[in-house]
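Written below as structure tokens is the structure these notes are about.
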Amino acid sequence: MPIDPGTVRQTVKPAVRPSAGPTKVTLNDVALLAGVDRSVVSRVVNDDPKLSVRPETRRRVQETITKLGYRPNAAARSLRTARAYMFGLLIPDFADPVFAEIISGAERAAGALGYGLMTASSSGVRLGLTQYLDLLGQGRVDGLLFAGEDSGHELAQLRASTVPWVLINRTLAGSQRFVILDDERGGELAVRHLIELGHTRIAHLAGPADAETSHRRRDGYLSAMARAGLRPEPGHIVHADYTPAGGALALAELLDQPRPPTAVFVANVASAVGALHAAHARGVCVPTDLSVIAIHDLPLASHLVPSLTCVRMPLEQLGSRALELLASTAPDDPIAETVTEPVELIVRDSTAPPRD
């Protein structure tokens, strides 16, 4: 039976629109729920010191921001405040595990202030400070922590830049903008531990001859030896870079001395890893034949064989304190601070009294 075309209904399904995802919370949403003007919300978000509202109003706005998960527009915020809400940190090498803790402390401090942290390394491509200041200083960061070890005219370059800066774990001649560790105290604590175990033939596997941290740790070694009435034997101070390869070569040199040491204070935990490997390769038993202690306690130290006795230094505190000072001081204000706590001896299996 033929079908009358007039009775046929054509059903057209509506097009399915893709989900737009969650709606972005706006300043107006926060203001409406908190019962305040949007300008109040904006000034609370930007921590405007001139904002005069009751404490309960400020608290209500902050609680509403948290409840709704409001996130300010970073680009608009930067335009309004002439800030990038970003700090820069330049380190020598990402491969050095010591800097991981410094970065962690700086990141934590930056986050607490509502900032981010951009970290760069001068290793590999070997960019100089000038290039980094160009990259980081074009309004992209509000300040720079400089832990690099470039030679040359760093201080003049930093002073000529428009970026506020603080040296971290180093100083430069004529600089009054630095935060460092009490490396001399760390060296003294390490050597005193060896002396208390009964060692008198104590060598020092020092850091690079041109590194300031190396000089301070060597001063601590010499001070502790002098206080005990001891003097380093000829050839018992050997410099090496802060790497396992450098530590291995330096320990081999110490073991080749006419009177090899019974204990060695290593200026850096990475160098100590190489020193332990070199001792094993030479058939030297640690700690029976040779006690080993190093500056910096990192998670890997307890997993070495034998586990490594270390002096724990406040690396995270160094990073956080340097960033706090960078954020809270005027660009020309002097900063000369030493982070002293906690410096702690962590005794493990790599140190013992000397063999009879």
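Points to keep in mind about this one:
- Shown is the FRET efficiency for Thr200 and Tyr85, computed with R0 = 35 Å from the Cβ-Cβ distance and rounded to the nearest 0.05: 0.05.
- Order of Phe94, Phe99, Phe87 under a 10 Å beta carbon neighbour criterion, fewest first: Phe94, Phe99, Phe87
- Those trypsin sites (Lys or Arg not before Pro) in region 313-356 that DSSP places in a loop and that have at most 15 other beta carbons within 10 Å: Arg355
- Between Leu230 and Ser104, the FRET efficiency estimated from the beta carbon spacing at R0 = 35 angstrom works out to 0.40.
- Loop trypsin sites (Lys or Arg not before Pro), region 170-240, which have at most 14 other Cβ atoms in a 10 Å radius of their Cβ (DSSP): none
- Ascending count of other beta-carbon atoms within 10 Å, so fewest first, for Thr26, Thr213: Thr26, Thr213
- Annotation: the residues Thr64, Thr340, sorted from fewest to most other C-beta atoms within 10 Å of their own C-beta, follow the order Thr340, Thr64.
- Amide proton proximity set for Ser350, modelled H, under 5 Å, gap of 5+: Thr309
- Förster-model FRET efficiency, 22 Å R0, His277 and Gln257, C-beta, rounded to 0.05: 0.70
- Remark: region 183-313 carries a charge dipole of roughly 280 debye about the Cα centre, counting +1 on each Lys and Arg Cβ and -1 on each Asp and Glu Cβ.
A short reminder: the numbers here are calculations on the coordinates, not readings from a lab. It should be emphasised that the depicted structure is a prediction, and the values quoted were computed from it without experimental measurement. Neighbour counts are summed over all protein chains in view; Cβ atoms, including those assigned to glycine, are modelled from backbone coordinates with ideal geometry.
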